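Student: Here you go, one structure.
The values are calculated or read from the model by the stated rules, or taken from the named source; none is laboratory data. Not measured: the values here are computed from a predicted model. Keep in mind that these areas ignore ligands, DNA and RNA; they rest on the heavy atoms of the full protein, side chains included. Shrake-Rupley method; radii C 1.70, N 1.55, O 1.52, S 1.80 Å.
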Amino acid sequence: MKTLVGYATAKGSTRGIAERIAASLTTSGVEVDLLVLSEVDSVQEYDTLVLGSAVHNGQWLPGAVDAITRLGTTPSGRATWAYSVCSVGATSSILSPRVARYLRRAMPEPDAIQKLRTLAEVRDHRFFAGSIAPGDWPGFGRVVFRLMGGRYGDARDWRDIDAWAEGIGRDITQSRR
Ligand SMILES: Cc1cc2nc3c(=O)[nH]c(=O)nc-3n(C[C@H](O)[C@H](O)[C@H](O)COP(=O)(O)O)c2cc1C
(Lines give C-alpha, C1' and ligand atoms only; values in the text may rest on other atoms or scores of the structure.)
Protein backbone atom coordinates (compact mmCIF):
# COMPACT_ATOMS: atom_id res chain seq x y z
CA MET A 1 0.00 0.00 0.00
CA LYS A 2 1.02 3.56 -0.61
CA THR A 3 0.75 6.85 1.26
CA LEU A 4 -0.80 9.95 -0.27
CA VAL A 5 0.86 13.24 0.57
CA GLY A 6 -1.73 15.72 -0.69
CA TYR A 7 -1.55 19.49 -0.45
CA ALA A 8 -3.11 22.78 -1.52
CA THR A 9 -1.02 25.90 -1.89
CA ALA A 10 -1.53 29.46 -3.10
CA LYS A 11 2.05 30.76 -3.08
CA GLY A 12 4.17 27.64 -2.74
CA SER A 13 5.24 27.37 0.91
CA THR A 14 2.82 24.49 1.56
CA ARG A 15 4.14 22.70 -1.52
CA GLY A 16 7.63 22.95 -0.05
CA ILE A 17 6.43 21.39 3.20
CA ALA A 18 4.58 18.61 1.35
CA GLU A 19 7.72 17.87 -0.68
CA ARG A 20 9.80 17.71 2.49
CA ILE A 21 7.31 15.33 4.18
CA ALA A 22 7.19 13.14 1.05
CA ALA A 23 11.00 13.00 0.91
CA SER A 24 11.21 12.08 4.59
CA LEU A 25 8.63 9.29 4.21
CA THR A 26 10.47 7.96 1.16
CA THR A 27 13.69 7.85 3.20
CA SER A 28 11.77 5.87 5.86
CA GLY A 29 10.93 3.29 3.18
CA VAL A 30 7.32 4.40 2.61
CA GLU A 31 6.04 4.48 -0.97
CA VAL A 32 4.55 7.93 -1.53
CA ASP A 33 2.48 9.78 -4.12
CA LEU A 34 2.79 13.56 -3.84
CA LEU A 35 -0.30 15.20 -5.35
CA VAL A 36 -2.11 18.53 -5.43
CA LEU A 37 -5.40 17.86 -3.60
CA SER A 38 -7.52 19.42 -6.34
CA GLU A 39 -6.31 16.60 -8.63
CA VAL A 40 -7.17 13.79 -6.20
CA ASP A 41 -10.39 11.96 -7.12
CA SER A 42 -9.90 8.78 -5.13
CA VAL A 43 -7.85 7.52 -2.20
CA GLN A 44 -8.66 3.87 -2.87
CA GLU A 45 -5.03 2.89 -3.51
CA TYR A 46 -3.72 4.49 -0.27
CA ASP A 47 -3.85 3.07 3.23
CA THR A 48 -2.49 6.27 4.83
CA LEU A 49 -3.02 9.94 4.08
CA VAL A 50 -0.99 13.03 4.93
CA LEU A 51 -3.10 16.02 3.91
CA GLY A 52 -2.33 19.69 4.24
CA SER A 53 -3.31 23.12 3.04
CA ALA A 54 -2.36 26.72 3.28
CA VAL A 55 -4.77 28.68 5.49
CA HIS A 56 -6.56 31.74 4.14
CA ASN A 57 -9.05 33.56 6.36
CA GLY A 58 -8.83 30.81 8.95
CA GLN A 59 -9.73 27.99 6.56
CA TRP A 60 -8.08 25.50 4.22
CA LEU A 61 -7.99 26.63 0.59
CA PRO A 62 -11.12 25.81 -1.50
CA GLY A 63 -9.20 23.21 -3.54
CA ALA A 64 -8.48 21.22 -0.36
CA VAL A 65 -11.98 21.63 1.08
CA ASP A 66 -13.53 20.53 -2.24
CA ALA A 67 -11.26 17.47 -2.31
CA ILE A 68 -12.41 16.40 1.14
CA THR A 69 -16.04 16.80 0.11
CA ARG A 70 -15.40 14.96 -3.17
CA LEU A 71 -13.73 12.02 -1.43
CA GLY A 72 -16.88 11.42 0.62
CA THR A 73 -16.52 8.47 2.94
CA THR A 74 -13.63 6.80 1.05
CA PRO A 75 -10.97 7.95 3.58
CA SER A 76 -12.91 5.97 6.20
CA GLY A 77 -10.65 3.87 8.43
CA ARG A 78 -7.46 5.26 6.87
CA ALA A 79 -4.81 6.54 9.24
CA THR A 80 -4.57 10.24 8.44
CA TRP A 81 -2.26 13.07 9.43
CA ALA A 82 -3.22 16.67 8.68
CA TYR A 83 -1.27 19.91 8.68
CA SER A 84 -2.25 23.52 8.21
CA VAL A 85 0.22 26.10 6.96
CA CYS A 86 -0.52 29.58 8.25
CA SER A 87 1.01 32.56 10.03
CA VAL A 88 1.54 30.85 13.37
CA GLY A 89 2.96 27.35 13.64
CA ALA A 90 3.54 25.26 16.73
CA THR A 91 7.20 26.32 16.87
CA SER A 92 7.65 29.38 14.64
CA SER A 93 5.67 32.33 13.34
CA ILE A 94 5.45 35.07 10.76
CA LEU A 95 3.83 37.27 13.42
CA SER A 96 5.39 38.76 16.56
CA PRO A 97 6.18 36.27 19.38
CA ARG A 98 3.57 37.89 21.63
CA VAL A 99 0.78 37.63 19.04
CA ALA A 100 1.91 34.09 18.18
CA ARG A 101 1.72 33.02 21.83
CA TYR A 102 -1.83 34.35 22.05
CA LEU A 103 -2.96 32.82 18.75
CA ARG A 104 -1.54 29.38 19.59
CA ARG A 105 -4.03 29.24 22.44
CA ALA A 106 -6.93 30.94 20.69
CA MET A 107 -6.67 29.79 17.06
CA PRO A 108 -9.39 27.27 16.16
CA GLU A 109 -8.71 24.38 13.81
CA PRO A 110 -9.90 25.00 10.24
CA ASP A 111 -13.35 23.45 9.62
CA ALA A 112 -11.78 20.98 7.15
CA ILE A 113 -9.95 19.29 10.04
CA GLN A 114 -13.20 18.79 11.93
CA LYS A 115 -14.73 17.32 8.79
CA LEU A 116 -11.71 15.04 8.26
CA ARG A 117 -12.07 13.75 11.82
CA THR A 118 -15.57 12.53 10.97
CA LEU A 119 -14.36 10.81 7.78
CA ALA A 120 -10.99 9.29 8.63
CA GLU A 121 -8.87 8.23 11.57
CA VAL A 122 -7.01 11.50 12.12
CA ARG A 123 -3.94 10.69 14.23
CA ASP A 124 -2.62 14.25 14.46
CA HIS A 125 -3.10 17.76 13.16
CA ARG A 126 -0.23 20.22 13.27
CA PHE A 127 0.08 23.91 12.48
CA PHE A 128 3.22 24.97 10.62
CA ALA A 129 4.18 28.58 9.94
CA GLY A 130 4.62 29.29 6.25
CA SER A 131 6.03 32.27 4.44
CA ILE A 132 4.74 35.59 3.21
CA ALA A 133 6.11 38.11 0.74
CA PRO A 134 5.25 41.78 0.21
CA GLY A 135 2.12 41.89 -1.93
CA ASP A 136 0.84 38.42 -0.91
CA TRP A 137 -1.57 39.90 1.58
CA PRO A 138 -3.98 42.28 -0.16
CA GLY A 139 -5.43 45.60 1.04
CA PHE A 140 -6.54 45.91 4.63
CA GLY A 141 -5.11 42.49 5.49
CA ARG A 142 -1.66 44.02 5.03
CA VAL A 143 -2.43 46.65 7.71
CA VAL A 144 -3.62 43.96 10.15
CA PHE A 145 -0.53 41.91 9.33
CA ARG A 146 1.69 44.86 10.28
CA LEU A 147 -0.32 45.54 13.46
CA MET A 148 0.26 41.93 14.51
CA GLY A 149 3.99 42.41 14.19
CA GLY A 150 4.13 40.50 10.92
CA ARG A 151 7.44 40.24 9.08
CA TYR A 152 7.84 39.22 5.48
CA GLY A 153 9.89 36.13 4.98
CA ASP A 154 10.00 32.38 5.37
CA ALA A 155 9.14 31.16 8.90
CA ARG A 156 8.99 27.45 8.10
CA ASP A 157 10.66 25.47 10.88
CA TRP A 158 12.25 22.59 8.99
CA ARG A 159 13.35 20.86 12.19
CA ASP A 160 9.77 20.70 13.41
CA ILE A 161 8.52 19.60 9.99
CA ASP A 162 11.21 16.89 9.75
CA ALA A 163 10.48 15.62 13.28
CA TRP A 164 6.75 15.41 12.52
CA ALA A 165 7.36 13.60 9.23
CA GLU A 166 9.82 11.17 10.85
CA GLY A 167 7.19 10.30 13.47
CA ILE A 168 4.67 9.57 10.73
CA GLY A 169 7.25 7.43 8.91
CA ARG A 170 7.84 5.41 12.08
CA ASP A 171 4.10 4.92 12.66
CA ILE A 172 3.49 3.78 9.09
CA THR A 173 6.42 1.36 8.91
CA GLN A 174 5.58 -0.14 12.33
CA SER A 175 1.90 -0.62 11.48
CA ARG A 176 2.74 -2.29 8.16
CA ARG A 177 5.20 -4.73 9.76
C1 LIG B 1 -4.95 36.22 1.32
C2 LIG B 1 -4.26 35.58 2.48
C3 LIG B 1 -5.00 35.24 3.61
C4 LIG B 1 -4.36 34.64 4.72
N5 LIG B 1 -5.11 34.31 5.80
C6 LIG B 1 -4.50 33.77 6.88
C7 LIG B 1 -5.25 33.45 8.04
O8 LIG B 1 -6.45 33.62 8.13
N9 LIG B 1 -4.59 32.93 9.10
C10 LIG B 1 -3.25 32.72 9.09
O11 LIG B 1 -2.68 32.28 10.11
N12 LIG B 1 -2.49 32.99 7.98
C13 LIG B 1 -3.09 33.51 6.88
N14 LIG B 1 -2.36 33.80 5.76
C15 LIG B 1 -0.92 33.45 5.73
C16 LIG B 1 -0.72 32.18 4.92
O17 LIG B 1 -1.40 31.09 5.50
C18 LIG B 1 0.78 31.85 4.82
O19 LIG B 1 1.38 32.90 4.09
C20 LIG B 1 1.06 30.52 4.17
O21 LIG B 1 2.46 30.30 4.17
C22 LIG B 1 0.55 30.45 2.74
O23 LIG B 1 0.85 29.19 2.19
P24 LIG B 1 1.21 29.01 0.65
O25 LIG B 1 2.55 29.71 0.41
O26 LIG B 1 1.32 27.54 0.46
O27 LIG B 1 0.10 29.61 -0.14
C28 LIG B 1 -2.96 34.38 4.66
C29 LIG B 1 -2.23 34.73 3.53
C30 LIG B 1 -2.86 35.31 2.45
C31 LIG B 1 -2.04 35.66 1.24
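Student: With the full set of protein chains in place, find how many percent of the accessible area of segment 23-123 is carbon and sulfur; take the probe as 1.4 Å.
Tutor: 51
Student: Give me a comma-separated list of calculated 3J(HN,Hα) values for segment 37-52, in order, Karplus coefficients 6.51, -1.76, 1.60 applied at θ = phi - 60°, integers in Hz, x for any Gly or Pro.
Tutor: Per residue, the Karplus-derived 3J(HN,Hα) values read 4, 5, 9, 8, 9, 8, 10, 3, 7, 10, 9, 9, 10, 10, 10, x Hz.
Student: Beyond 14 Å, how much of the Cα-Cα pair distribution for segment 64-155 remains, as a whole percent?
Tutor: Result: 68 percent of Cα pairs exceed 14 Å.
Student: Could I ask something else about it? Averaging sequence separations of C-alpha pairs under 8 Å and six or more residues apart, then dividing by the length of the chain, give the relative contact order as a whole percent.
Tutor: Relative contact order for the chain comes out at 25 percent.
Student: Tell me, what is the per residue accessible area of the chain in Å², probe radius 1.4 Å?
Tutor: 50
Student: Once amide H atoms are built 1.01 Å from N in the peptide plane, which residues 5 or more positions from T91, or in another chain, come under 5 Å H to H?
Tutor: For T91, whose amide H was placed from the backbone, the distant partners under 5 Å are A129.
Student: Using bins 5 angstrom wide from zero, how does P(r) for segment 38-82 break down, in % of all Cα pairs?
Tutor: Per 5 Å bin, starting at zero, the Cα-Cα P(r) for segment 38-82 comes out as 5, 21, 32, 26, 12, 4, 1 percent.
Student: As I understand it, the value is the acute angle between the Cα axis of helix 158-176 and the longest principal axis of the Cα atoms of the chain; what does it come to in degrees, rounded to 10?
Tutor: Compared with the principal axis, the helix lies near 20 degrees.
Student: Would you mind giving the average projected area, over all directions, of the Cα convex hull of the chain in nm² with one decimal?
Tutor: If I average the Cα hull's projected area over directions, I get 9.5 nm².
Student: What is the distance in Å between the Cα centroid of segment 26-85 and that of segment 133-177?
Tutor: That distance is 17 Å.
Student: Once the Cα atoms of segment 126-177 are picked out, what are the Rg and Dmax in Å?
Tutor: Rg and Dmax of segment 126-177, Cα atoms, are 16.8, 52 Å.
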